[in-house]
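Here is the structure we will look at, set down as structure tokens.
The values are calculated or read from the model by the stated rules, or taken from the named source; none is laboratory data. As the structure is a prediction and not an experimental result, all values here were calculated from the model. Cβ placement follows ideal geometry from the backbone for every residue including glycine, while neighbour counts extend to all protein chains displayed. SASA here: full protein model, heavy atoms, side chains in, ligands and nucleic acids out. Shrake-Rupley method; radii C 1.70, N 1.55, O 1.52, S 1.80 Å.
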Amino acid sequence: MTAVQMPDAAEVDASIKLITDNAERVFLWDYDRSRDQLVTLYNKAMASQWSSVTDLDWAIDVDPERLVTTAKEPSVVVELARAATKLPGSPISTWGEAELTLLGIESLKAQLSQFMHGEQGAMMVAAKIVETVPWIDAKYYAATQTMDEARHTEVFAKYLHTKLGDAYPMSPFLEGQITALIEDSRWDIAYLGMQIVIESLALAAFGTMLRSTQEPLLKKLLRYVMSDEARHVAFGVLSLAEYYQGLTTAELAERQEFLLESSLRNRARSTTPEMWERLGVNVDEVMPHLLEAAASLDRSLFTSFEQAFYSKLVPNVRKLGLLDANDGHLRERWGEAGLLRYEHGDDTGSDYEAYDEVARDRAVSPA
């Protein structure tokens, strides 16, 4: 018999991450369906399940170069690099359109890779909510979300593997965010961090890519993922609005500080150094030129995504009661940052059905 070669410690460390969840698990004996809005949301989730195998046409041929060059909106990374090629001493001064197109492809792969990793993180957080939330209606819904997130992880991984090529590692920023949510002992922080903050970020990011791409498979994939994600945000809004009515001023202040940390203080996003390395460029050498180029570009390149994020985050937080809690501490800080202009937008707890592309497709072509 041939001995099985076991992986060494380095190989294991590169393949898995161990996280300790410090929250208590809650097993319920009360099965009464007492939260009508969550019942409605759960029923909607059950009816809106879609198949990664039969609802998406994986036979569609995807040309990565065409995917990038036909985009309707410019890639921020490519526009930064284009401006940086004109700066004195730039390590990419010899780049032309061919190299910029390759950068666009790698940038798209990097972005889709973070979507994939983020969806796995969302799957783990949703599973934590199943185990820790003290209401049966919320457990039921979180179980459907766990399935949604598994499907999202699967389709992004499959798109990368079969259409674009090798994925990129998870960014340290995203990894740190999700690890903190899983490790936190307070069950509602998983809700607040994932359902309200990260899922709002995801809606903004997916929406930006959806508006830009003309590739039919990616377009439908994003439409269907967004249909699910809007319900997930609504789940957080509907659940936490009830829970936060019973917290003390000090406890509400902790949640406000969490939101400030997530929205203002921690705006840094990790670059993807591996992207530049694949193109033969030292990230430390090119970064100063990219920063200089950013100062000269139209700021609208950078603000459209943030506007999409805050236009969901701020109304959702207002509905939770966290904007005015603790003598309006969060209102004051977000007001200083100019975010209150988004306050009266549609909250996702009410407008999630507007995202339901799955239902629209089925209405046109019923099964």
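Couplings 3J(HN,Hα) of segment 338-346, computed from phi: x, 8, 6, 5, 9, 4, 9, x, 6 Hz, in residue order, whole Hz [Karplus 6.51 cos²θ - 1.76 cosθ + 1.60, θ = phi - 60°; x for Gly and Pro].
Summarising the amide proton neighbourhood of TYR168: residues at separation of 5 or more, or on other chains, whose placed amide H is nearer than 5 Å comprise SER113. For the chain, the Cβ-based charge dipole about the Cα centre amounts to some 680 debye (Lys, Arg positive; Asp, Glu negative; other atoms uncharged). Taking other residues whose beta carbon is less than 12 angstrom from the beta carbon of ALA150, and scoring Lys, Arg as +1 and Asp, Glu as -1, yields -4. Pairs of C-alpha atoms in segment 198-320 farther apart than 18 Å represent 67 percent of all such pairs.
May I ask you to rank LYS219, LYS86 by accessible area, largest first, using a 1.4 Å probe over the protein chains only?
Solvent-accessible surface, decreasing: LYS86, LYS219.
For LYS139, a cut-off of 21 angstrom between C-alpha atoms picks up these lysines, skipping any fewer than 8 places away in its own chain: LYS44, LYS128.
With a length cut of 15 Å (Cα positions projected on each helix's long axis) and a Kyte-Doolittle mean of at least 0.0, go through the chain and give me the DSSP H helices that pass. Helices meeting the criterion: 36-47, 97-132, 172-183, 199-212, 216-243, 283-296, 300-320. Overall, the anisotropy analysis places segment 45-100 in the prolate class: the square-rooted eigenvalues a ≥ b ≥ c of its C-alpha gyration tensor yield a/c not less than 1.5, with a/b exceeding b/c. Measuring nothing but alpha carbons in the chain and taking Rh as the Kirkwood radius, the Rg to Rh ratio lands at 0.98. Taking the chain as a Gaussian network of alpha-carbon nodes connected by springs under 10 Å, the highest mean-square fluctuation of the residues LEU313, LEU290, LEU279 belongs to LEU279.
Considering only GLY104, GLY89, GLY118, the mean-square fluctuation computed in a Gaussian network model of the chain, springs between alpha carbons under 10 angstrom, is largest for GLY89. Expressed as a whole percent, the accessible area of segment 169-264 that falls on carbon and sulfur atoms is 58 (1.4 Å probe).
Mean residue ellipticity at 222 nm, helices only, the chain: -20000 deg cm²/dmol; runs of at least 4 DSSP H residues each add -39,500 (n - 2.57), and the sum is divided by the number of residues. Remark: for residue pairs LYS86/LYS109; LYS72/LYS220; LYS109/LYS220, the C-alpha separation exceeds 20 Å in LYS86/LYS109. Across segment 59-64, coupling constants 3J(HN,Hα) worked out from phi with the 6.51/-1.76/1.60 Karplus curve, θ = phi - 60°, read 6, 4, 7, 10, 9, x Hz, and Gly and Pro carry x. Along segment 277-282 the Karplus relation, 6.51 cos²θ - 1.76 cosθ + 1.60 evaluated at θ = phi - 60°, assigns HN-Hα couplings of 4, 4, 9, x, 10, 6 Hz to successive residues, with x for each Gly and Pro.
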